[in-house]
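Colleague: Attaching a single structure in structure tokens format; questions to follow.
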Amino acid sequence: MTCKEVQSRYIPFIDDKLSKKELQGFLKHIHSCDKCKEEYDIYYTMITGMRYLEEDNGKSEFKVDSEEKLKFAEEYLIKYRIFFIEKVLLLVILCLIVILFI
Ligand SMILES: [Zn+2]
């Protein structure tokens with residue numbers, strides 16, 4: 001993913017609207033590009049702050065933690081990958097059972 005592509009995805013990322021493939025590219029780029037990481041931090045702070053002001057104050061806790069959001073997205077991807085591996089393993093085991101018993 002290029003800087004430009006990443007920059008157009010700050011808001012979808014914050015809204016959890018990126019596909020898994022996009023998310024992967026996004027996170028990879030953010031970790032290797034200081035410029036985009038810095039910009040992402042600014043966007044995140046701005047957008048969450050703005051949304052907080054639009055909502056009833058005190059209703060939701062105000063959190064400006066762009067770092068946490070990145071970590072959460074990474075954990076989500078890791079979990080998804082583990083889940084995927086589990087599914088593949090299950091399929092292999094099923095195939096083995098079929099081969100052995102038929
Ligand atoms: Zn970049």
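The values are calculated or read from the model by the stated rules, or taken from the named source; none is laboratory data. Just so you know, these numbers come straight off a predicted model, no measurement behind them. Cβ: placed from backbone, ideal geometry, glycine included. Neighbour counts: every protein chain shown.
Colleague: Quick one: would you say LYS17 is in a helix (DSSP H, G or I), more than 16 Å from the ligand (Cβ to nearest atom) and closer than 19 Å to TYR76 by Cα?
Modeller: no
Colleague: List, please: which pairs have Cβ atoms under 9 Å, are six or more places apart or on different chains, and start with a residue in the stretch 15-43 that is more than 16 Å from LYS69 (Cβ to Cβ) and touching a residue at least 24 places away in the same chain (Cβ under 8 Å) and end with one that is within 10 Å of the ligand (Cβ to nearest atom) and among the β-branched types (Val, Ile, Thr)?
Modeller: Partner pairs satisfying both residue conditions: GLY25/VAL6; CYS33/VAL6.
Colleague: Answer yes if at least one residue in the stretch 40-53 is modelled with pLDDT of 95 or more, under 27 Å from ARG81 (Cβ atoms), within 13 Å of the ligand (Cβ to nearest atom) and not small (Gly, Ala, Ser), and no otherwise.
Modeller: No, the stretch 40-53 contains no residue that is modelled with pLDDT of 95 or more, under 27 Å from ARG81 (Cβ atoms), within 13 Å of the ligand (Cβ to nearest atom) and not small (Gly, Ala, Ser).
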